[in-house]
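Contents: one structure, followed by commentary.
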Amino acid sequence: LLDEASRSDLDMRQTLTLLLEREIARKDARRIEMALKLAHFPMVRDLTGFDFRAQPSVDARQVRDLAAGRWIANGENVLLLGPPGVGKTHLAIALGREAILAGYAALFMPATALVAQLARAHVEGRLEDRLTHFAKPKLLIVDELGYLPFEPSAAHLFFQLVSRRYEKGAMLITSNRSVGEWDAVFGDPVVATAILDRMLHHSHVITIRGDSYRLKEKRRSGLLQKTAATEPKPHTKD
């Protein structure tokens, strides 16, 4: 850097500015790298890779507004609802990455793994430690809520976590179930109502409609038609 400053004929003030700017950039890059590791994202996804044209039910302006992170600063929630394969997890990871770039800590957890950890901690007498752990990140992303129903005891544990984060930490939840179906997810209408009361109080709900990306690709490649064509025809007697 000093050689670069010398070649550019920088004075002392300009050289010091160059050194400090590069140091700040390095520290920020290391912070982002570490935060991405701690977030445990299952894959790399960003907003530039999301095909808004393929999912016209998603308001691109709303998503980009969420990417600014004001909802995270305010401890609000985002619900991404829709059938499998429409891009909910992609958007969740992308918004999580944007949160980290903005300086917030984020943690990504599949719903089943989250509940399993809470249940195990409850049995082992470490529930308070686990609740504190999951309450710490400014953004907690819970993926695939509703694919498997909760046991009643697990629903109560999840309610404790939601209550712990209420108006303090932001949550982003993806689900294949509409909020009206969450009674079945949690197996207890009272607990489901209590969870929704807190989740929806300060929330942004995005409902994605449309076909699965994966099925679209298979249709485009002709795989589904070929598969259907090669299926054996039922045997009929003469």
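How far is it, in nm, from the label point at LEU101 to the one at THR15 when both lie 7 Å from their Cα along the line to the Cβ?
3.5
Can you work out the Karplus-derived ³J(HN,Hα) for every residue in segment 5-12? Use 6.51 cos²θ - 1.76 cosθ + 1.60 with θ = phi - 60°, whole Hz, and x for glycine or proline.
Calculated HN-Hα couplings, in order: 5, 5, 5, 8, 6, 7, 7, 4 Hz.
Would you mind getting me the FRET efficiency between GLU4 and MET34? Use the beta-carbon distance for r and R0 = 30 Å, nearest 0.05.
0.65
Pop out the ³J(HN,Hα) list for segment 190-203 in order, Karplus 6.51 cos²θ - 1.76 cosθ + 1.60 with θ = phi - 60°, rounded to Hz; leave Gly and Pro as x.
With the stated coefficients, segment 190-203 comes to 5, 5, 4, 5, 5, 5, 5, 4, 7, 5, 8, 4, 10, 9 Hz.
Have a look at SER178, GLN160, GLY146 and report the one farthest towards the positive end of the charge dipole of segment 120-183, computed about the Cα centre with Cβ charges (Lys/Arg +1, Asp/Glu -1).
Working it through, the farthest residue towards the positive pole turns out to be GLN160.
Given Cβ point charges of +1 (Lys, Arg) and -1 (Asp, Glu) and nothing else, what value in debye, to the nearest 20, does the dipole of the chain about its Cα centre take?
460
Rounded, prolate or oblate for segment 99-190? Axes are the square roots of the Cα gyration tensor eigenvalues, ordered a ≥ b ≥ c, and the cut-off for rounded is a/c under 1.5.
In terms of gyration-tensor shape, oblate.
How much length is gained on full extension from ALA68 to ARG22, taking 0.36 nm per residue of separation minus their Cα-Cα distance?
So the extension gain works out to 14.1 nm.
Once fully extended, how much extra length lies between LYS136 and HIS202, figured as 0.36 nm per residue of separation less the alpha-carbon to alpha-carbon distance?
My answer for the length gained is 21.9 nm.
Taking DSSP loops as anything outside H, G, I, E and B, show the longest stretch in the chain free of trypsin sites (Lys or Arg not before Pro) there with at most 13 other beta carbons within 10 Å.
So the longest stretch without any such site is 54-167.
Taking Rg and Dmax of the Cα atoms in Å straight from the coordinates, which label in (1) 24.6, 70; (2) 23.1, 98; (3) 18.3, 65 is the correct one?
So the calculated entry is the one marked (2).
Under the rule a/c < 1.5 gives rounded, and otherwise a/b versus b/c splits prolate from oblate, where does segment 1-40 land using the Cα gyration tensor?
prolate
With every protein chain kept in the model, how would you rank MET12, MET34 by accessible area, 1.4 Å probe, largest at the top?
MET12, MET34
The values are calculated or read from the model by the stated rules, or taken from the named source; none is laboratory data. Predicted model, so just to flag it, every value in this text is computed and none were measured. Counting neighbours? That spans all protein chains shown, and the Cβs are built from the backbone with ideal geometry, glycine included. Just so you know, the surface numbers come from the protein's heavy atoms only, side chains and all, with ligands and any DNA or RNA stripped out. Shrake-Rupley method; radii C 1.70, N 1.55, O 1.52, S 1.80 Å.
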